[in-house]
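The values are calculated or read from the model by the stated rules, or taken from the named source; none is laboratory data. All of these numbers come straight from a predicted model, not from anything done at the bench. FYI the Cβ positions are ideal-geometry reconstructions off the backbone, even for glycines, and counts take in every protein chain you see. Each accessible area value is taken on the protein alone, full model and side chains, heavy atoms only, with ligands, DNA and RNA left out. Shrake-Rupley method; radii C 1.70, N 1.55, O 1.52, S 1.80 Å.
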Amino acid sequence: MIILGPLIQVLYFALEIYIFLVIASAILSWLVQFGVVNTRNQVVSLIGEFLWRVTEPALRPIRRFMPNLGGIDISPIILILIIYFLQMVLQNVLVSLMRASM
């Protein structure tokens, strides 16, 4: 009980950080596609590679089940919705734990 509450809070915070990484990955991919940033720049390349390695394992299964929308990738939006759902579940578990300990 003592460890479970803080563990849930850390998981919630980690999911919050992951949402920002998914958003950053989507924005960087748009900037690359529109030619705003150059991937030959080493810093941009390193950031892009990091974001791809962090987000692609979660996005790949979603893309597998998504229908072809003509070049529009909404898998980051679906992933963010799934993460929000998981955060709500974690909040409910945390509230239940707090009520049980009273």
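Couple of notes before you dig in:
- Loop trypsin sites (Lys or Arg not before Pro), the range 2-78 (other Cβ atoms within 10 Å of the site Cβ: 14 or fewer; DSSP): R40
- Rounded to the nearest 20 debye, the dipole magnitude of the chain is 140 debye, with +1 charges on Lys and Arg beta carbons, -1 on Asp and Glu beta carbons, and the Cα centre as origin.
- Lys, Arg +1 and Asp, Glu -1 on Cβ, resulting dipole of the range 30-82 about Cα centre, debye, nearest 20: 100 debye
- One decimal place: the segment L11-R40 gains 6.9 nm when fully extended, by the rule 0.36 nm per residue minus the C-alpha distance.
- Distance-filtered residues of the range 15-58 - backbone nitrogen under 13 Å, label point 7 angstrom along Q87 Cα→Cβ: 15-23
- The mean sequence separation of alpha-carbon pairs under 8 Å and at least six residues apart, normalised by the residue count of the chain, gives a relative contact order of 38 percent.
- Quotient of Cα Rg and 2.2 N^0.38 Å for the chain, N being how many residues it contains: 1.37
- Considering only Q33, Y84, L11, and ranking their Cα positions along the charge dipole of the range 8-88 that arises from unit charges at the beta-carbon of Lys, Arg, Asp and Glu, the one farthest toward the positive end is Q33.
- Between helix 75-101 and the chain: long-axis angle, C-alpha atoms, 0 to 90°, nearest 10: 10 degrees
- Protein accessible area in the chain, 1.4 Å probe - carbon and sulfur %: 71 percent
- Accessible surface calculations at 1.4 Å, restricted to protein heavy atoms, place the chain at 76 Å² per residue.
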